[in-house]
Amino acid sequence: MIRQDFGDQLVELEQELLRMGALVEDQLRAAVRSLTERNSQAAREVIDDDDRVDAMEMDIERRCLTLLALQQPLARDLRIVSTALKIITDLERMADHATDIARVTLVLENQVFVKPLVDIPEMARLASSMVRLALNAYVHRSTDEAATMIRLDDDVDHLYSAVFRDLIEVMREHPQAVDQGTHLLFVANYIERVADHATNIGEWVIFMVTGERKEVEY
Amino acid sequence: MMAPTVRCDQLSVWYGRHPALKSVSLSVQAGEVLALIGPSGCGKSTLLRAINRLLDEVAHIRIAGNVWVDDEDIYQKGVDVTTLRRRVGMVFQTPNPFPFTIFNNVAYGLRLTGKRTQSELRRVVEASLTKAALWDEVRGKLARPALSLSGGQQQRLCIARALAVEPTVLLMDEPTASLDPLSTARIEDLMGQLKGQYTIMMVTHNLRQAARVADRTAFFAKGELVEVGLTRQIFTAPSDRRTEEYLTGRYES
């Protein structure tokens, strides 16, 4: 009976994690869309949603601590719960980055972009799909899925380098756009950080399944 | 690394035709606490009993392989079992003090050796009770019956009785199974103090106790030693699927 109860609580924990992940994914997409469309209202909603993410983080943290205290899980069960604790920290940081991007939207709301945003939305699309894949890997307890997801970080890094070069070029050609270009550089950096956090989650999933903590080479 | 105090080499035990231990090879280092865990009937208590030859009197028993304690092959002919049991003390699940005074319980084994003066007895009794973390509670009450002590105190008295004859190894068979959480915590603290001076092998069904107390943990199933390793490793990331299933409550024997 006790094991059954523990199993049920693990399932609930996973569902909450998936909900939190879905919210963070939405936030990231919405933040970048608010930027491309220069939609301040949408940006403010992203910023407001950060409180929901924080509340979910605290709720999941409480669930994990309760499971640790009352069920005292061992071995794989212990790794599952401790991995959940690590994942929520990464998700919360990602949400902070989405908020940072939304704040850039508010700064640039009345500006015309010197060059249309192409690579930044693509980076965001990749990074948010990494978030989803990372959480799927957690739920499926799949090292293969985690490793496949981690490889996408390379694509994000390449795009980041391209964005960086482009923006430097734009700022050289249009000195009046240095302010805008710097903000957009920050945005690209925030998205790159989101992908790094997704990579962390993938590495924790591999630890959860194998019991070995190591950085994945990719 | 120091030489092992206890070493089993391909130790097998049968009760009649039933194999209770299957070719177990295991070394226990001097001064370490080794926990033996596993489902009921897995052979862990049989192993413990094999180490001070408590199985000798069991009907239809057959033992194969070797056990060394302090470099002595204890199943060789001519081994003095009484001397062996002085070197290898045993503490059981239920405290079993003799129906004597507290003093006489601890002095019992010393008197068996015959040649102790009263003052020497007093010195060893005090030292043993101190080591067993009971002295402060019983000083001035040594003439009282041992059975007047609480369960937790009785268990520490039994540990003092075992320590009095200067063993090198302590075998503990679920030493806190009948104790409340406070007495359990005192015994666990005591094991922490005794380790280093004594080699301790403990059978326990309390996994958290093994996790708290033991340097290394050995998991047994169906008479086999499945794996042995650092407690930290076994309880967070065991290498065998059966250990994983047992620790997460999913093992089916």
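Here are the numbers for this structure:
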read-out: Cβ-based net charge around A:Y190, under 11 Å, with every Lys or Arg adding one and every Asp or Glu removing one; value: -1
read-out: Cleavage-rule hits (GluC sites (Glu not before Pro)) in segment B:212-253: DSSP loop, at most 12 neighbouring Cβ within 10 angstrom; value: B:E252
read-out: Helix runs (DSSP H) in chain A reaching 24 Å along axis by Cα, Kyte-Doolittle at least 0.0; value: A:75-107, A:119-140, A:178-210
read-out: Extended-chain gain in nm, criterion 0.36 nm per residue less alpha-carbon gap, A:E212 and A:R19; value: 66.8 nm
read-out: Chain B: angle of helix B:181-194 to the longest principal axis, Cα-based, in degrees nearest 10; value: 90 degrees
read-out: Accessible-area order (highest first, 1.4 angstrom probe) of the listed residues B:T217, A:T210, A:T143; value: A:T210, A:T143, B:T217
read-out: Å² of accessible area per residue within segment A:92-151, as computed with a 1.4 Å probe and no ligands counted; value: 43 Å²
read-out: Contour excess over end-to-end distance, with Cα ends at A:L70 and A:R52 and 0.36 nm allotted per residue; value: 3.8 nm
read-out: Cross-link reach list, aspartates and glutamates versus B:K222, counting only Cα pairs under 16 Å and skipping chain neighbours closer than eight places; value: B:D240, B:E244, B:E245, B:E252
read-out: Separation in nanometres of the label points that stand 7 Å from Cα toward Cβ, at A:R62 and B:D56; value: 6.2 nm
read-out: Carbon + sulfur, % of accessible area of chain B - ligands and nucleic acids excluded, 1.4 Å; value: 49 percent
read-out: Accessible carbon and sulfur surface of segment A:53-129 relative to its total accessible area, %, 1.4 Å; value: 56 percent
read-out: Shielding by other protein chains, B:229-235, mean Cβ within 10 Å; value: 1
read-out: 10 Å Cβ neighbours from other chains, averaged over peptide A:206-214; value: 1
read-out: Computed label-point distance, nm, for sites B:R17 and B:E166 using a 7 Å Cα→Cβ extension; value: 4.9 nm
read-out: Burial ranking of peptide ranges B:170-182, B:62-74 (average Cβ count within 10 Å, highest at the top); value: B:170-182, B:62-74
read-out: Rounded Å value of the spacing that divides the Cα centres of segment A:117-186 and segment B:114-163; value: 71 Å
read-out: Computed over chain A: relative contact order in percent, which uses C-alpha pairs under 8 Å that are six or more apart; value: 26 percent
read-out: FRET efficiency for B:A64 and A:S161, using Cβ-Cβ distance with R0 set to 60 Å, rounded to 0.05; value: 0.30
read-out: Amide N proximity, segment B:62-87 versus B:Q197 label position 7 Å along Cα-to-Cβ, cut-off under 20 Å; value: B:70, B:85-87
read-out: Cα-based reach from B:K141 at 20 Å (exclusive), listing aspartates and glutamates while leaving out same-chain residues under 8 positions away; value: B:E120, B:E126
read-out: Computed [θ] at 222 nm, deg cm²/dmol, chain A (DSSP H ≥ 4; -39,500 (n - 2.57); rounded to nearest 500); value: -31000 deg cm²/dmol
read-out: Estimated FRET transfer efficiency when R0 is 22 angstrom, pair B:H205-A:D8 (beta carbons, to 0.05); value: 0.30
read-out: Total accessible surface hidden between A and B, rounded to 100 Å², 1.4 Å probe; value: 900 Å²
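The values are calculated or read from the model by the stated rules, or taken from the named source; none is laboratory data. Just so it is clear, the model here is predicted, and its values are computed rather than measured. Using ideal geometry, Cβ is built from the backbone for each residue, glycine included, and neighbour counts are taken over all protein chains shown. These area figures cover heavy atoms from the full protein model, side chains too; ligands, DNA and RNA do not enter into them. Shrake-Rupley method; radii C 1.70, N 1.55, O 1.52, S 1.80 Å.
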